[in-house]
Amino acid sequence: MYSLLLPLLLVGEALALTTNFLPSTPHITRSGSELRLQGERWTASGGNVYWLGLDENVIPPSGEPFYVKYNASYPTKGRITEVMSTLKIMGARTVRSQTMGVSVGNPLSVMPELGEVNERAFESMDWTVREAKRFGLRIFAPFTDNYDYYHGGKFVFLRWRGIDIASTGTIDPQVQEFYTNRTIINDFKNYIKIIMTHRNPYTGLTYAEDPTIFAYETGNELGGPVFGDKNVPTEWTQEIAEFIKKLAPKKLVVDGTYGINEAHLGIKSVDIFSDHFYPMDVDKLSKGVEAVGTADKVYFAAEYGWTPQSQTKSTLGEFFAYIEKQQQKKKPIISGDHFWSLFLHNVPDCKTFVEHNDGFTLQYGNPKNPANTTEQISKIRQHMFAMQGLRVGASLPPAPCPGI
Ligand SMILES: *[C@@H]1O[C@H](CO)[C@@H](O)[C@H](O)[C@H]1NC(C)=O
Ligand SMILES: *[C@@H]1O[C@H](CO)[C@@H](O)[C@H](O)[C@H]1NC(C)=O
Ligand SMILES: *[C@@H]1O[C@H](CO)[C@@H](O)[C@H](O)[C@H]1NC(C)=O
């Protein structure tokens with residue numbers, strides 16, 4: 001008896017070592033147009049931090065992995081930790097991150113070349129999941145991108161099969177082969193499987209199993225040859241959504257089409273529909289929410305630009321007021337919104353903030369922020385707490401920089 005028990009105990013202890021400091025995390029579920037955590041309604045507001053798996057904004061010390069063509073490098077663990085602790089202070093529950101799902105086509109990607117896997121790329125992703133879990137945050141991520149940025153996307157999958165078309169200007173209709181060509185669909189599904197079956201050494205769980213990643217999106221801002229055309233075949237969306245559920249029955253699926261494609265509302269395996277807001281627009285938002293409500297599904301405003309150039313139609317205050325008012329209803333339908341996008345210190349350098357040039361960089365706690373910027377950040381923080389049913393004052397508490 002004893003000699004049999006001992007090795008079993010040792011195995012048990014070895015497992016406990018990797019996981020015992022992490023609280024157990026229940027799954028987020030969907031009931032109709034509502035997300036739930038342990039039977040209670042759960043809201044999903046937070047921020048976008050697109051660079052958690054792979055960054056393009058920092059030149060790393062020499063000797064560290066770096067791909068000059070795109071300035072691609074892995075973020076430091078300290079940068080990731082600072083993001084999670086700061087989002088918690090900001091009242092966020094979720095973080096949306098492109099590079100937690102999109103990582104193809106350059107030497108630092110999860111899949112540098114078709115069918116090739118670069119295990120090193122999982123290190124920052126694994127750490128992201130660990131730290132999100134430690135701070136009680138949830139992650140969702142798209143599996144591909146409509147564009148051709150450093151982290152890759154649908155154009156990489158097309159190039160791998162000899163379809164080399166420009167990603168800007170007038171887009172060749174052949175771009176639709178990403179959704180229609182059986183070979184390319186299977187390549188994409190194989191990539192999804194590699195991501196979802198990866199086992200995270202920090203948690204002992206695969207990404208498919210891990211409730212910290214509560215949802216995957218079929219893609220980011222997907223469309224067809226014309227920007228914003230929502231031209232994503234229903235069959236493709238259904239096939240990808242069903243594939244995600246097959247690998248992870250408890251994962252929620254977000255339709256990655258840019259805008260609400262009403263033809264997709266009947267797809268059973270899709271849980272959440274989303275739209276992005278540049279500018280913020282309460283009319284567009286309320287119409288989308290209504291449409292998704294008719295299908296009894298959940299709605300996310302998964303990106304909104306928060307700076308003045310995004311407030312030409314609706315102000316931040318008007319946008320938040322609509323979303324918060326919905327929460328008073330029996331069926332709010334909209335259960336989350338996510339600002340674009342968060343950058344913090346160049347950790348371990350805790351003096352310098354990382355810059356990004358898209359005009360939407362939110363640097364919480366940067367002493368150089370002008371008063372009007374601080375005011376907007378304070379509104380975002382109050383809104384994210386309001387989405388949790390909590391009221392906080394306007395002052396912004398300091399966020400520690402881990403300096404590691
Ligand atoms: C890489 O970063 C350097 C220094 O910031 C910049 O001059 C260069 O344009 C960047 N290259 C790319 C491809 O973004
Ligand atoms: C799909 O792409 C492959 C590789 O480019 C090509 O050989 C095949 O003809 C395409 N299939 C269809 C149906 O277009
Ligand atoms: C703050 O005010 C300046 C000067 O009017 C303006 O250029 C900037 O866009 C404002 N920023 C925010 C976040 O409101």
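For region 370-404, name all the residues that are within 16 Å of ligand 3 (Cβ to nearest atom) and aromatic (Phe, Trp, Tyr).
Going residue by residue through region 370-404, those that are within 16 Å of ligand 3 (Cβ to nearest atom) are 370-383, 394, 396.
Matches in region 370-404: none.
Can you work out which of the residues in region 269-287 that are of a type in the set (Gly, Ala, Ser) and surrounded by fewer than 21 Cβ atoms within 10 Å (Cβ to Cβ) is nearest to ligand 2 (Cβ to nearest atom)? If you could, list the steps in order and put the result at the bottom.
Keep residues of region 269-287 that are of a type in the set (Gly, Ala, Ser), which gives 269, 274, 286.
If we keep only those that are surrounded by fewer than 21 Cβ atoms within 10 Å (Cβ to Cβ) too, we end up with 269, 286.
Numbers: Ser269: 24, Ser286: 41 Å.
Result: Ser269.
Inside region 47-76, can you point out the residues that are more than 20 Å from the chain's Cα centre (by Cα), in a loop (DSSP other than H, G, I, E, B) and either of a type in the set (A, V, I, L, M, F, W, C) or within 15 Å of Phe122 (Cα to Cα) (or both)?
The first filter runs over region 47-76 and keeps only residues more than 20 Å from the chain's Cα centre (by Cα), leaving 58-71.
This time we only want the ones that are in a loop (DSSP other than H, G, I, E, B), so: 58-65, 71.
Passing the criteria: Val58, Ile59, Pro65.
From the list Ser45, Ser24, Ser33, Ser85, which residue is away from ligand 1 (no atom under 16 Å from the Cβ), of a type in the set (Gly, Ala, Ser) and surrounded by fewer than 17 Cβ atoms within 10 Å (Cβ to Cβ)?
When all the criteria are applied, what remains is Ser24.
Scanning for something touching a Lys or Arg at 6+ places or on another chain (Cβ under 7 Å) and hydrophobic (A, V, I, L, M, F, W, C), does region 275-288 turn up at least one residue?
For region 275-288, residues touching a Lys or Arg at 6+ places or on another chain (Cβ under 7 Å) and hydrophobic (A, V, I, L, M, F, W, C): present.
Quick check on my filter: what residues within region 95-134 are among the aliphatic types (A, V, I, L, M), farther than 17 Å from Thr76 by Cα and surrounded by fewer than 24 Cβ atoms within 10 Å (Cβ to Cβ)?
Once the filter is applied, which keeps residues that are among the aliphatic types (A, V, I, L, M), farther than 17 Å from Thr76 by Cα and surrounded by fewer than 24 Cβ atoms within 10 Å (Cβ to Cβ), region 95-134 yields Met111, Leu114, Val117.
Looking at Ile267, Ile323, Ile333 in this structure, which one is within 26 Å of Lys230 (Cβ to Cβ) and in contact with a Phe, Trp or Tyr (Cβ under 7 Å, 6 or more places away or on another chain)? Please lay out each step first, then the result.
Numbers: Ile267 fails: in contact with a Phe, Trp or Tyr (Cβ under 7 Å, 6 or more places away or on another chain); Ile323 fails: in contact with a Phe, Trp or Tyr (Cβ under 7 Å, 6 or more places away or on another chain).
Going through Ile267, Ile323, Ile333 in turn, just one is within 26 Å of Lys230 (Cβ to Cβ) and in contact with a Phe, Trp or Tyr (Cβ under 7 Å, 6 or more places away or on another chain): Ile333.
Is it the case that region 322-331 has a residue that's of a type in the set (S, T, N, Q), away from ligand 2 (no atom under 16 Å from the Cβ) and under 30 Å from Arg79 (Cα atoms)? First the steps, then the outcome.
Taking region 322-331 and keeping what is of a type in the set (S, T, N, Q), we get 326-328.
Still in the running and away from ligand 2 (no atom under 16 Å from the Cβ): 326-328.
When the remaining residues are screened for being under 30 Å from Arg79 (Cα atoms), the result is none.
Within region 322-331, not a single residue is of a type in the set (S, T, N, Q), away from ligand 2 (no atom under 16 Å from the Cβ) and under 30 Å from Arg79 (Cα atoms).
Looking at region 288-308, which of the residues that are within 16 Å of ligand 3 (Cβ to nearest atom) and either surrounded by 23 or more Cβ atoms within 10 Å (Cβ to Cβ) or not small (Gly, Ala, Ser) (or both) is farthest from Tyr258 (Cα to Cα)? I'd like the intermediate steps shown before the answer.
Taking region 288-308 and keeping what is within 16 Å of ligand 3 (Cβ to nearest atom), we get 304-308.
Retained after the next criterion (residues that are either surrounded by 23 or more Cβ atoms within 10 Å (Cβ to Cβ) or not small (Gly, Ala, Ser) (or both)): 304, 306-308.
Values: Tyr304: 13, Trp306: 19, Thr307: 21, Pro308: 22 Å.
Ranking the candidates gives Pro308 first.
Does region 187-203 contain any residue that is touching a Leu at 6+ places or on another chain (Cβ under 7 Å), touching a residue at least 60 places away in the same chain (Cβ under 8 Å) and part of a helix (DSSP H, G or I)?
The answer is yes, given that some residue of region 187-203 is touching a Leu at 6+ places or on another chain (Cβ under 7 Å), touching a residue at least 60 places away in the same chain (Cβ under 8 Å) and part of a helix (DSSP H, G or I).
For region 241-357, list the strands (runs of 3 or more DSSP E) that sit wholly inside it and hold at least 3 residues that are in contact with an Asp or Glu (Cβ under 8 Å, 6 or more places away or on another chain); which are they?
252-255, 272-277, 298-305, 334-340
Considering (1) within 16 Å of ligand 1 (Cβ to nearest atom); (2) in a loop (DSSP other than H, G, I, E, B); (3) not acidic (Asp, Glu), say which one Ile165 fails and leave the rest.
(1)
Among what's in region 135-174 and is among the aromatic types (Phe, Trp, Tyr) and surrounded by fewer than 24 Cβ atoms within 10 Å (Cβ to Cβ), pick the residue that is farthest from Lys77 (Cα to Cα). Can you show your working first?
Taking region 135-174 as the starting set, the residues that turn out to be among the aromatic types (Phe, Trp, Tyr) are 135, 140, 143, 147, 149-150, 155, 157, 160.
Subset that is surrounded by fewer than 24 Cβ atoms within 10 Å (Cβ to Cβ): 135, 147, 149-150, 160.
On the way: Phe135: 14, Tyr147: 27, Tyr149: 23, Tyr150: 20, Trp160: 32 Å.
Among those residues, the one meeting the criterion is Trp160.
Using beta carbons and a limit of 6 Å, which pairs, at least six apart or on different chains, have the first residue in region 56-75 and touching a residue at least 12 places away in the same chain (Cβ under 8 Å) and more than 16 Å from ligand 3 (Cβ to nearest atom) and the second one charged (D, E, K, R) and not in a loop (DSSP other than H, G, I, E, B)?
Ser73/Asp55; Pro75/Asp55
Only residues in region 157-171 that are within 11 Å of ligand 2 (Cβ to nearest atom) count as the first member; pair them with residues that are part of a loop (DSSP other than H, G, I, E, B), Cβ under 6 angstrom, at least 6 apart or cross-chain, and list the lot.
Close Cβ pairs satisfying both conditions: Trp160/Leu114.
Coordinate-derived values only; no laboratory data. Keep in mind that what you see is a predicted model, and the values were worked out from it rather than measured. Please note: Cβ atoms are built from the backbone with ideal geometry, for glycine as well, and neighbour counts cover all protein chains shown.
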